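Visitor: The structure that follows is given in the form of structure tokens.
Rule-based calculations on the coordinates, nothing more; no lab input. Bear in mind that the values here come from a model prediction, so they are computed numbers and not experimental data. Ideal geometry is used to build each Cβ from the backbone, glycine not excepted, and the neighbour counts take in all protein chains shown.
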Amino acid sequence: MNLRRAILSDVEEMMALINHFADQGLMLPRSRNSLYECLREFLVVEDEGRVVATGALHIIWDDLSEIRALAVMEEYQGKGLGRSLVKALIDDAQTIGCPKVFTLTYQPVFFERCGFAMIDKEDMPHKVWKECIHCVKFPNCDENAMMLNLTKQ
Ligand SMILES: CC(C)(COP(=O)(O)OP(=O)(O)OC[C@H]1O[C@@H](n2cnc3c(N)ncnc32)[C@H](O)[C@@H]1OP(=O)(O)O)[C@@H](O)C(=O)NCCC(=O)NCCS
């Protein structure tokens with residue numbers, strides 16, 4: 001298995017993986033257009049030539065970034081791929097000098113295992129909500145907000 005940066009030819013498989021879980025209400029759907037535009041944010045795990053997991057780190061502001069679109073194919077779940085992707089995305093945040101990483105998720109236990117702690121959504125900076133306007137769930141967000149402060153590690 002190979003954890004690497006996403007490339008253009010991964011987009012169809014990334015979209016199928018993300019939207020498979022989005023159809024189940026587990027995460028937000030992504031359009032082909034948004035995946036191409038944001039491709040540089042994405043990492044993938046490849047196994048035998050196919051994308052089996054993906055996730056992205058999106059920069060919000062000077063001290064904050066967000067883990068988005070994390071998905072591991074069902075038959076590959078429970079093998080540590082999700083944690084490996086989150087760790088690699090956190091490494092990316094550290095590389096660019098970003099001290100805080102948050103996520104909005106329906107999988108709070110998984111993110112707790114990755115070191116994140118629950119926070120009050122009201123404490124999120126306004127810039128986060130500006131981007132939420134584009135979400136299909138806006139303004140009725142029912143996801144858990146979770147934060148990892150890298151300066152406290
Ligand atoms: C959530 C998801 C990314 C986890 O990936 P994964 O590769 O199965 O997780 P890992 O094997 O790396 O698990 C890491 C730890 O989290 C725990 N964990 C994983 N998924 C969990 C879940 N749904 N509930 C509770 N604990 C979970 C594992 O038991 C493991 O615990 P450990 O610290 O005791 O070893 C994956 O199940 C998935 O893609 N789900 C569908 C899409 C989704 O919900 N994405 C999240 C959007 S924010």
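Visitor: Only one of GLY82, GLY115, GLY78 is over 14 Å from the mean Cα position of the chain (by Cα), surrounded by 16 or more Cβ atoms within 10 Å (Cβ to Cβ) and within 16 Å of the ligand (Cβ to nearest atom). Can you tell me which? Can you show your working first?
Guide: On the way: GLY82 fails: over 14 Å from the mean Cα position of the chain (by Cα); GLY78 fails: surrounded by 16 or more Cβ atoms within 10 Å (Cβ to Cβ).
None of the other options fit; the residue is GLY115.
Visitor: Any residue at all in the stretch 113-125 that is touching a residue at least 60 places away in the same chain (Cβ under 8 Å), in contact with a Phe, Trp or Tyr (Cβ under 7 Å, 6 or more places away or on another chain) and more than 21 Å from MET14 (Cα to Cα)?
Guide: yes
Visitor: Go through the stretch 25-74 and count every residue that is touching a residue at least 12 places away in the same chain (Cβ under 8 Å), over 22 Å from HIS134 (Cα atoms) and either within 16 Å of the chain's Cα centre (by Cα) or within 13 Å of the ligand (Cβ to nearest atom) (or both).
Guide: Residues in the stretch 25-74 being touching a residue at least 12 places away in the same chain (Cβ under 8 Å), over 22 Å from HIS134 (Cα atoms) and either within 16 Å of the chain's Cα centre (by Cα) or within 13 Å of the ligand (Cβ to nearest atom) (or both): 9 in total.
Visitor: Take VAL11 and tell me if it is outside any helix (DSSP H, G or I), hydrophobic (A, V, I, L, M, F, W, C) and surrounded by 17 or more Cβ atoms within 10 Å (Cβ to Cβ).
Guide: On the way: outside any helix (DSSP H, G or I): no; hydrophobic (A, V, I, L, M, F, W, C): yes; surrounded by 17 or more Cβ atoms within 10 Å (Cβ to Cβ): yes.
So VAL11 fails the test.
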